[in-house]
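Chemist: Okay, handing you the structure first.
The values are calculated or read from the model by the stated rules, or taken from the named source; none is laboratory data. Just so we're clear, the structure is a prediction, and the values are computed from it rather than from any experiment. A quick note on method: Cβ atoms are made from the backbone with ideal geometry, for glycine too, and the neighbour counts reach across all protein chains shown. For accessibility, only protein heavy atoms count, side chains too; no ligands or nucleic acids. Shrake-Rupley method; radii C 1.70, N 1.55, O 1.52, S 1.80 Å.
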Amino acid sequence: MDPSLTTVHRASDRSACADESVTALALAARGGDADAVERFVRALHRDVLRYVAHLCADPQAVDDLAQDTFLRALGSLHRFEGRSSARAWLLSIARRAVMDSYRYAAARPRRAHVPDWQQAAELAQPRGLPGFDDGVVLLDLLAALPRDRREAFVLTQILGLPYDEAAERSDCPVGTVRSRVARARATLARQLTEADEPAVLAA
């Protein structure tokens with residue numbers, strides 16, 4: 001088997017195991033286990049922050065939207081039955097929280113608007129780790145993508161959701177998500193090539 005395919009399968013298996021573990025925590029939390037509630041929030045807090053940061057145009061709203069997501073989730077946890085992974089369920093709530101914030105903001109006059117989701121995403125990332133600079137570069141590249149392609153790429157390639165769950169979160173067919181991810185990859189590859197060209201010419 002191709003070593004790269006083996007790596008992908010192992011990553012997929014790890015992601016599936018992590019999802020099963022978090023879903024079990026959600027079900028335990030639904031049953032009233034206070035420790036499970038805390039572990040559930042801790043396990044998914046970073047994913048929610050990253051996802052909200054990629055969707056939200058206001059970097060100062062990211063923490064509030066993440067908190068709103070968990071408040072909504074814990075308030076409706078009694079309805080969670082584990083038919084999808086708890087992470088996918090929570091990210092769908094995060095998406096609704098962001099969309100609701102847009103609708104609320106649109107209904108009110110704004111004093112200022114700074115569309116800087118990149119800064120929010122960077123603030124949500126841990127610092128001082130190997131590859132951090134590469135992560136910041138990726139955020140800059142993602143900023144150039146259309147919103148729907150960026151969301152599809154973030155859900156599947158960064159957060160690791162299966163395509164069918166990403167389609168459910170995005171309210172579109174699986175084929176559309178695959179197409180958006182493919183186009184996002186092509187755009188990112190082209191941007192990376194163009195970014196490397198000046199260095200090659202200067203060498």
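Chemist: Sort segment 49-95 into rounded, prolate or oblate with this rule: let a ≥ b ≥ c be the square roots of the eigenvalues of the Cα gyration tensor; rounded if a/c is under 1.5, and if a/c is not under 1.5, prolate when a/b is larger than b/c, oblate otherwise.
Modeler: oblate
Chemist: With label points built 7 Å along Cα→Cβ from the Cα atoms of D63 and V174, find their separation and express it in nm.
Modeler: Placing both labels 7 Å beyond Cα along the Cβ direction yields 4.0 nm.
Chemist: Can I get the semi-axes of segment 13-88's equivalent ellipsoid? Compute them from the C-alpha gyration tensor as square roots of 5 times the eigenvalues, in angstrom, largest first.
Modeler: For segment 13-88, the semi-axes come out at 22, 15, 10 Å.
Chemist: In the full protein assembly as shown, how much of D148 is accessible to a 1.4 Å probe, in Å² to the nearest 10?
Modeler: 60
Chemist: Placing +1 on the Cβ of each Lys and Arg and -1 on the Cβ of each Asp and Glu in segment 150-192, which of A186, T156, G175 has its Cα farthest towards the positive end of the resulting dipole?
Modeler: A186
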